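Have a look at the structure below, then the notes.
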Amino acid sequence: MKHEFKLLIDGQSRDGVTTFDVVNPATGETFAQCPKADAAQLEEAVAAARRAFPAWAATPVEERAALVVALADALEARAAEFASLLTSEQGKPLDQAMYEIMGSVFTLRAFAAMRVEPKVLREEGGNSVVEHRTPLGVVGAITPWNFPVILLMNKLGPALVTGNCVVAKPAPTTPLTTLLFGELARDILPAGVFNVLCDQNELGPLLTGHPDIAKIAFTGSTATGKKVMAAAADSVKRVTLELGGNDAAIVLDDVNPQAVARKVYQGAMANAGQICVAIKRAYVPSSMYDEFCDELAKLANEAVVDDGSKQGATIGPVQNKMQFEKVVSLLDSARAEGTVLAGGAPLDRPGYFIPPTIVRDLDDDAPLVREEQFGPVLPVLQYDDIEDVIARANDSDYGLGGTVWGRDVARATEVAKRIDTGTVWVNQHLAIDANIPFRGSKQSGIGGELGEAGLLEYTQAHIINAVPLED
């Protein structure tokens, strides 16, 4: 790729101290070079953000919001360019990449329209108690490789609107769309308000432990999230952690199994299964188990697994070699312990391609059921008793999302209320909206993103309690 990517530090495009390869997962080959920052450049970026903070926090919210809208407009104007680059570095089919870019535009505009107003807690007898919200300072935004653009906007939008400055660090396997967005921000935002650093995971501890960082907003694995939380503890930083999931789909016995199988399949296989809230395990009544599994296998066999840049591709590659090898290992154990109905092994071609895989007849303690696979593989389990399946669905360290499928919506909703996750969808999946809070329970996270709750995560509650002065 001919584009020369640069870091963004204090409003200036900067070279890194060196570069590293960025691999197209559809070919397994390098297609671009990414600038690599060092510890000194991290110090520069944090210092720049800290210098910019007082003026940015003092800027009227309407002006800050107008600049966030300008970022959205600039991103939309170059949406095709961003989508193409996203497909090259992440692997998802081009139409899905465009969906992520346009979702990012919507997210920025949604946050630009939100406001945090003072809240009057008491106004009586001369006693006035008002809760104000103030920005925190410098936010470190650490983003993953599955949705590198929109998951940055989930952090950047609320941070900027509430008056914070940001130092962003994208995943080393998908850094380029963030760097390209930095070029937009360079020409729109005041210097230092937004900075972009890239590394190969060396700078994470320095960023999360930095004394001048007020908050870390992290999306990624639970294992890494624990390290982030530990590093932030020394200075009692605010943290938002959106971590892993092992989301269960519970299919009730009053549905059309073929119709719901299609919906469950899409919820499991979108983005090659590389979604924190993808359906990771499906529980189906024994009475319709065979029919449901057969329909899933049919859909899997019809999928077009190919380079996301090619027209007609419905599923792209797994994003990186490390994740590819993890999914292959889970497939090996699944073949030994269950019945593979479709897929089951990587494709014999360059790139990190794993076809949609459906596995039945696994025990609940099988690795594919217990662990987060984060790939295009779905275990399907059967049940006979609703109390039993609710207990099985909840028997996980994770608690990010889940789904319940039933013709009787009231009944399905009652089941959903008993699923111990931050979000449960009924008769739909991935219904994520920038105006609706999204949180995890248990080891799937702390704090929330999106909605007013996500906006407040970037503020400090500040109480003013005033009474008249008596002579």
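Residues that are buried (at least 21 other Cβ atoms within 10 Å of the Cβ), under 15 Å from CYS276 (Cβ atoms) and small (Gly, Ala, Ser) within the range 203-229 comprise ALA217, GLY220, GLY225, listed in sequence order.
When GLY125 is tested against (1) closer than 30 Å to ALA26 by Cβ; (2) open to solvent by 10 Å² or more (accessible area, probe 1.4 Å), only condition (1) is not met.
So that you can scan it fast, the table gives a plain yes or no per residue for (1) open to solvent by less than 10 Å² (accessible area, probe 1.4 Å); (2) among the polar types (S, T, N, Q):
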{"site": "TYR283", "(1), (2)": "yes, no"}
{"site": "ALA303", "(1), (2)": "no, no"}
{"site": "SER329", "(1), (2)": "no, yes"}
{"site": "GLY338", "(1), (2)": "no, no"}
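Across the range 226-256, the number of residues qualifying as β-branched (Val, Ile, Thr), part of a loop (DSSP other than H, G, I, E, B) and in contact with a Phe, Trp or Tyr (Cβ under 7 Å, 6 or more places away or on another chain) comes to 1. Return the pair list, or none, for Cβ contacts closer than 6 Å from residues in the range 308-321 that are on the phi > 0 side of the Ramachandran plot to residues that are in a loop (DSSP other than H, G, I, E, B), at least 6 apart or on different chains. From residues that are on the phi > 0 side of the Ramachandran plot, the pairs are GLY312/VAL304. Could you tell me whether the range 312-327 includes any residue that is within 23 Å of ALA393 (Cβ to Cβ), surrounded by 19 or more Cβ atoms within 10 Å (Cβ to Cβ) and either in contact with a helix residue (DSSP H, G or I) (Cβ under 8 Å, 6 or more places away or on another chain) or at pLDDT below 95 (or both)? Within the range 312-327, none of the residues are within 23 Å of ALA393 (Cβ to Cβ), surrounded by 19 or more Cβ atoms within 10 Å (Cβ to Cβ) and either in contact with a helix residue (DSSP H, G or I) (Cβ under 8 Å, 6 or more places away or on another chain) or at pLDDT below 95 (or both). Quick check: is even one residue across the range 141-156 in a loop (DSSP other than H, G, I, E, B), at positive phi and open to solvent by less than 10 Å² (accessible area, probe 1.4 Å)? No, because not a single residue in the range 141-156 is in a loop (DSSP other than H, G, I, E, B), at positive phi and open to solvent by less than 10 Å² (accessible area, probe 1.4 Å).
Can you work out which of the residues in the range 414-425 that are without any contact (Cβ under 8 Å) to a residue 24 or more places away in the chain and surrounded by fewer than 17 Cβ atoms within 10 Å (Cβ to Cβ) is nearest to the chain's Cα centre (by Cα)? Break it down into steps so the answer makes sense when it comes.
Taking the range 414-425 and keeping what is without any contact (Cβ under 8 Å) to a residue 24 or more places away in the chain, we get 414, 416-417, 424.
Still in the list and also surrounded by fewer than 17 Cβ atoms within 10 Å (Cβ to Cβ): 414, 417.
Numbers: GLU414: 28, LYS417: 24 Å.
For the range 414-425, the residue satisfying everything is LYS417.
Against the list (1) in contact with a strand residue (DSSP E or B) (Cβ under 9 Å, 6 or more places away or on another chain); (2) part of a loop (DSSP other than H, G, I, E, B); (3) open to solvent by 50 Å² or more (accessible area, probe 1.4 Å), the condition GLY163 fails is (3). Scanning the range 366-423 for residues that are farther than 18 Å from LYS442 by Cβ and among the β-branched types (Val, Ile, Thr) yields VAL377, VAL380, ILE386, VAL389, VAL404, VAL409, THR413, VAL415.
Could we say that GLU452 is open to solvent by 50 Å² or more (accessible area, probe 1.4 Å) and assigned to a loop (DSSP other than H, G, I, E, B) here?
On the way: open to solvent by 50 Å² or more (accessible area, probe 1.4 Å): yes; assigned to a loop (DSSP other than H, G, I, E, B): no.
Answer is no for this residue.
For the range 232-258, the set of residues classified as more than 14 Å from VAL380 (Cβ to Cβ), of a type outside the set (D, E, K, R) and open to solvent by less than 30 Å² (accessible area, probe 1.4 Å) consists of ALA232, VAL239, THR240, LEU241, LEU243, GLY244, GLY245, ASN246, LEU252, VAL255, listed by residue number. Taken over the range 432-449, the criterion of being open to solvent by 40 Å² or more (accessible area, probe 1.4 Å) and either β-branched (Val, Ile, Thr) or touching a strand residue (DSSP E or B) at 6+ places or on another chain (Cβ under 8 Å) (or both) is satisfied by ILE432, ILE436, PRO437, ARG439, ILE446.
The values are calculated or read from the model by the stated rules, or taken from the named source; none is laboratory data. Keep in mind that what you see is a predicted model, and the values were worked out from it rather than measured. Heads up, the Cβs are rebuilt from the backbone with ideal geometry, glycines too, and the neighbour counts pull from every protein chain shown. Only protein heavy atoms, including side chains, enter the accessible area calculation; ligands, DNA and RNA are left aside. Shrake-Rupley method; radii C 1.70, N 1.55, O 1.52, S 1.80 Å.
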